[in-house]
Amino acid sequence: MKYYVLEGTFVKNLPDKSELQKAIDEHLEYLKKGFNDGSILVSGPKIETGGGIIVVKCEDINKFCSDDPLVKAGIQEYRISEFKLHDCQSYLKDWFEQ
């Protein structure tokens, strides 16, 4: 399994507020699937800017990103950083070892 930190950034020309909120709601449902299957460790919005941070494990990170409703809607782009675990808090070891 590979581990990634994703930094999502909103594009400059955002849709109207209702369309943006719809895409965000769909994005949150998409992330919920990742929490339910254990592939997402943490996620959350960046403070004072559009976009967010996700720590995820998966084999096909490009598919994970392209399937995100915010990406499909052209609202968000991801910067992908793969990393190897060096160490972590003991309570996180189960997630990394699964």
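Read-outs throughout are calculated quantities, based only on the coordinates presented, and are distinct from any laboratory measurement. Everything quoted here is computed from the prediction, not taken from an experiment. Counting neighbours? That spans all protein chains shown, and the Cβs are built from the backbone with ideal geometry, glycine included.
Here are a few things to note about the model shown:
- Cα centroid separation, region 74-98 to region 5-26: 23 Å.
- Computed per residue of the chain from DSSP H runs no shorter than four, each worth -39500 (n - 2.57), the mean residue ellipticity at 222 nm is -10500 deg cm²/dmol.
- Scalar couplings 3J(HN,Hα) for region 83-98, obtained by applying the Karplus form with A = 6.51, B = -1.76, C = 1.60 to θ = phi - 60°, are 9, 9, 5, 9, 7, 7, 4, 4, 6, 9, 4, 4, 4, 6, 8, 6 Hz; x denotes Gly and Pro.
- Positive contributions from Lys and Arg (+1) and negative ones from Asp and Glu (-1), summed over other residues with Cβ under 10 Å from the Cβ of Ile40, come out at +2.
- Unit charges on C-beta of K, R, D, E only; dipole of the chain, Debye: 120
- Scanning the chain for trypsin sites (Lys or Arg not before Pro) lying in DSSP loops with no more than 14 further Cβ atoms inside 10 Å, the longest uninterrupted stretch between such sites is 47-83.
- Amide H to amide H, with H built 1.01 Å from N, Gly52 comes under 5 Å of Gly8, Thr9, Lys46, counting only residues 5 or more places away or on other chains.
- Listed residues Val71, Val56, Val11, most fluctuating in the chain (Gaussian network, C-alpha, under 10 Å): Val11
- Counted by Cβ distance under 10 Å from Val5, the other residues give a net charge of -1, where Lys and Arg count +1 and Asp and Glu count -1.
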